[in-house]
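K.L.:
Could you have a look at this structure, given as structure tokens, before my questions?
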Amino acid sequence: MSRLRAIAVLLLASSVGRPVLAQDSLVWRDSVAKLGRVMQALADSLRTGDSTVVEVSRSQGLVLRASREIGSPGARALERFLESKRLWFGPAVPSEEGFRILLRDYGDYGSGAVRLPQSLELAGLPDSDEMTRVFRGVSRRVIGNPDSASSTLLFEFGKLMLTSTSGTLRKWLRDPLPLHLSDQDRKLAAMYAFVTGAGASQRDCVAGSLTDCAYVLGLRPTARAGAGGGYPEFLRGDLLLTALQAGGEGAWERLRLASVRTLSEQLTEAAGLPLDSLLARWRSGLLALRPTDQPLTARQALATALWGIMLLAAALGISRWA
Amino acid sequence: MMLKAMIRIQWKAAWHLIVVLAVAALALPVASVRLGWKGAANLPFYLTQLQLWGLFYPGLACVAAIALAAAVWASDRRGHHIYALLLPVPRWRYVLLRYLAGLVLLIPIALALWLGTLLATTTLDLPPGIRVFPHAITLKFTLTLLVLFGFAFAVASASGRTLGYALRGLGLFLAIHLGVLMLRPGTNLIAGLVGILITWPGPLAPLGGRWMLIDV
């Protein structure tokens, strides 16, 4: 009977059950290791709770909390963040109900000493349950450095701010505002992309045609045959930042209030300038960053000549042949 | 009068070298500009290529300075400076004459580079916004040549004893560097020294910076 039952089970299994796919042991191993790390991080998080994250600084309706180890760079990061925020967004915040941006590194569970993850948390008051939350995993180098931490916070803040703008603007921008870069790095990257554009309209924009600039930046259509493509989206972000800079502290608020209007009007409102003036300012700002005509200043040339004389004097001194 | 004679002697000894270096200086800008140019469509790639070509300018200056300084002193070194010591002129004047004659021989190389940059840039149909720097790059090259020639000239003119001292000093510096590196791994004396030499107002500062004949 038992043999009969065994044969029946075998037949049933072979006819009903699907063949089991061969598993790659390496994939299993990686998966288990990853799960282990996640569980470890969760266990650490539960064990330490919020006790390792303390309030470091509070200013202008924003609170910064950080792990004790990175408290001091965290406070400096908030100062820099506030400075940049004032420049681009003025007093505006993503939501009246508050918001929270959490940066967290991954900790270290390698063979050496275990290092728990560090957190940096920027919250906009009121600290309610309705608040918008953003979580971003970053490296230890980023979270422990005031400059990189503040630029990462600003980048995430910029993404939150964009959610309150019109769909037209977001569709036009496509990418988040390039606030993770320093002003100089962003402008230089924008300048190279601007000047080396190959399309006919791109070349004419560099040469000074604002109509072509409006086309290659996706602000106006063109009827011109063979106009070529537009500039990369990155330049649109740079143009918006130029408009915000030109418009001063209230620029973002004006941009938000103009969200029902056309894209060009939104930019005009934000900048407080007619579109062509904004484009002209943006264009001349980028062209001004081109390398100077003189790779050597008069002072440098003089220093080089002095070195030449000193080397000659040295040659006169050390050539004492016997 | 004596300078003229010195120039003639050095020209006779090194004219092959000067002609080769001048041809190289003439060809470098032309080749750098012409080889990668496929119209305005690939400007970013083209400028990146030119940036790499730019490394050859200080390289050429280095080769020219060392080769000429060595050529200037070659006959003296061969004859153990006996000719110089027999001349009825003070040693400092003799060295100065050698130096000035060497500088004169650098002129054809700098002029060839200037001509090359002009040839390379005037025949090119560049899009608006792109600029050319033939004069600036020639000035930078000439100053680099001047300083590097000064260095090479000083080394080549040195007596055997002075060179021995210099080598010993260099060995001592390397030993100190290794010692410091073992005691404090973060401290790199060689990197520090190189940094001082190649940043303004360091003597080798003209070697650094941009070497772009065509740029945005």
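The values are calculated or read from the model by the stated rules, or taken from the named source; none is laboratory data. No experiment lies behind these values; they were computed from the predicted model shown. Here the Cβ is made from the backbone with ideal geometry for all residues, glycine too, and neighbour counts use every protein chain on show. Side chains included, ligands, DNA and RNA excluded: accessible areas come from the protein's heavy atoms. Shrake-Rupley method; radii C 1.70, N 1.55, O 1.52, S 1.80 Å.
K.L.:
In whole Å and largest first, what semi-axes does the C-alpha gyration tensor of the protein assembly as shown yield when each eigenvalue is scaled by 5 and square-rooted? Intermediate results must be reported in sequence, preceding the final value.
P.N.:
On the way: eigenvalues 721, 260, 150 Å².
Equivalent-ellipsoid dimensions as semi-axes: 60, 36, 27 Å.
K.L.:
Can I ask one more? Give me the distance in nm between label points sitting 7 Å out from Cα along the Cα-to-Cβ direction at A:S95 and A:E233, one decimal.
P.N.:
2.3 nm
K.L.:
Based solely on its DSSP helices, what 222 nm [θ] is calculated for the protein assembly as shown when runs of n ≥ 4 H residues each add -39,500 (n - 2.57) and the sum is averaged over all residues, nearest 500 deg cm²/dmol?
P.N.:
-21000 deg cm²/dmol
K.L.:
Give the average, rounded to an integer, of partner chain Cβ atoms located within 10 angstrom of each Cβ in B:122-134.
P.N.:
Details: counts 0, 0, 0, 0, 0, 10, 7, 13, 5, 4, 0, 5, 0.
That average works out to 3.
K.L.:
At 0.36 nm per residue, and after removing the present C-alpha to C-alpha distance, how many nm does the segment from A:D30 to A:R68 gain when stretched out fully? Can you show the working numbers first?
P.N.:
Numbers: separation 38, 0.36 × 38 = 13.68 nm, distance 3.20 nm.
Net length gain for the segment: 10.5 nm.
K.L.:
So how much accessible surface do A and B hide from each other in total, probe 1.4 Å, in square angstrom to the nearest 100?
P.N.:
Numbers: alone 19080 and 12790 Å², together 28560 Å².
Using a 1.4 Å probe, the pair buries roughly 3300 Å².
K.L.:
On to the next question. Carbon and sulfur: what percent of the range A:170-237's accessible surface (1.4 Å probe)?
P.N.:
Working: 1580 of 2940 Å².
Of the solvent-accessible surface of the range A:170-237, carbon and sulfur hold 54 percent.
K.L.:
While we're on this one: Compute the Kirkwood hydrodynamic radius of chain B, taking the inverse of the mean of 1/r over all pairs of distinct Cα atoms, and give it in Å to one decimal. Could you put the intermediate results ahead of the total?
P.N.:
On the way: mean 1/r = 0.0508 Å⁻¹.
About 19.7 Å for chain B.
K.L.:
Another one. What is the mean number of Cβ atoms from other protein chains located within 10 Å of the Cβ atom of each residue in peptide B:155-162, rounded to a whole number?
P.N.:
Values: counts 4, 2, 8, 7, 5, 2, 4, 6.
Partner-chain Cβ atoms within 10 Å, mean over residues of B:155-162: 5.
K.L.:
I need the calculated FRET efficiency for the pair B:Y165 and B:L87, taking r as the beta carbon distance and R₀ as 22 Å, to the nearest 0.05.
P.N.:
Values: r = 26 Å, r/R0 = 1.18.
With a Förster radius of 22 Å, E is 0.25.
K.L.:
Give the accessible surface of the protein assembly as shown per residue, rounded to a whole number of Å², with probe radius 1.4 Å and ligands, DNA and RNA excluded. Show your work: numbers first, answer last.
P.N.:
Working: 28560 Å² over 538 residues.
Counting only protein heavy atoms, the per-residue value for the protein assembly as shown is 53 Å².
K.L.:
To the nearest 0.05, what FRET efficiency results for A:S284 and B:A191 with a Förster distance of 41 Å applied to their C-beta separation?
P.N.:
0.55
K.L.:
Can you figure out the FRET efficiency of A:R133 with B:T48, using R₀ = 35 Å and their beta-carbon distance, to the nearest 0.05?
P.N.:
0.25
K.L.:
Which are the unpartnered cysteines of the protein assembly as shown, meaning those with no other cysteine Cβ under 4.7 Å from their Cβ?
P.N.:
So, B:C62.
K.L.:
Sticking with this one: Starting with the highest mean, order A:217-230, B:114-127, A:263-276 by the number of other Cβ atoms within 10 Å, averaged over the residues of each peptide.
P.N.:
By packing density, highest mean first, the sequence is A:263-276, B:114-127, A:217-230.
K.L.:
Return, for the Cα atoms of the range A:233-283, the radius of gyration and Dmax in Å, separated by a comma.
P.N.:
Answer for the range A:233-283, Rg first and Dmax second: 9.7, 27 Å.
K.L.:
Right, another one. Over the range B:1-138, with every protein chain in place, what whole percent of the accessible area is carbon and sulfur at 1.4 Å, could you tell me?
P.N.:
Here carbon and sulfur together make up 75 percent of the probe-accessible area.
K.L.:
Compare B:D76, A:D147 by solvent-accessible area with a 1.4 Å probe and give them largest first, with all protein chains kept in place. Kindly include the intermediate steps, with their values, before the conclusion.
P.N.:
Working: B:D76 5, A:D147 90 Å².
Output order, biggest surface exposure first: A:D147, B:D76.
K.L.:
What full-extension length gain, to one decimal in nm, is calculated for B:R210 and B:A70 as 0.36 nm per residue of separation minus the Cα-Cα distance?
P.N.:
Fully extending the segment from B:R210 to B:A70 adds 47.6 nm.
K.L.:
Stretched out fully, how many nm does the piece from A:E265 to A:A313 gain, at 0.36 nm a residue minus the Cα gap? Write down the numbers at each step before the final one.
P.N.:
Details: separation 48, 0.36 × 48 = 17.28 nm, distance 6.78 nm.
That pair, A:E265 and A:A313, stretches by 10.5 nm at full extension.
K.L.:
How large is ³J(HN,Hα), in whole Hz, for each residue of the range B:92-109 in order, when computed from phi with the Karplus curve 6.51 cos²θ - 1.76 cosθ + 1.60 and θ = phi - 60°, using x for Gly and Pro?
P.N.:
4, 5, 5, 5, 4, 5, 4, 5, 5, 5, x, 4, 4, 6, 6, 4, x, 5
K.L.:
Shifting gears a bit: Would you mind computing, in nm to one decimal, how far apart the modelled labels at A:E253 and A:V54 are, each placed 7 Å from Cα along Cα→Cβ?
P.N.:
3.7 nm
K.L.:
Label-point separation (nm) for B:L100 and B:K4, each offset 7 Å from Cα along Cα-to-Cβ?
P.N.:
It works out to 1.3 nm between the two label points.
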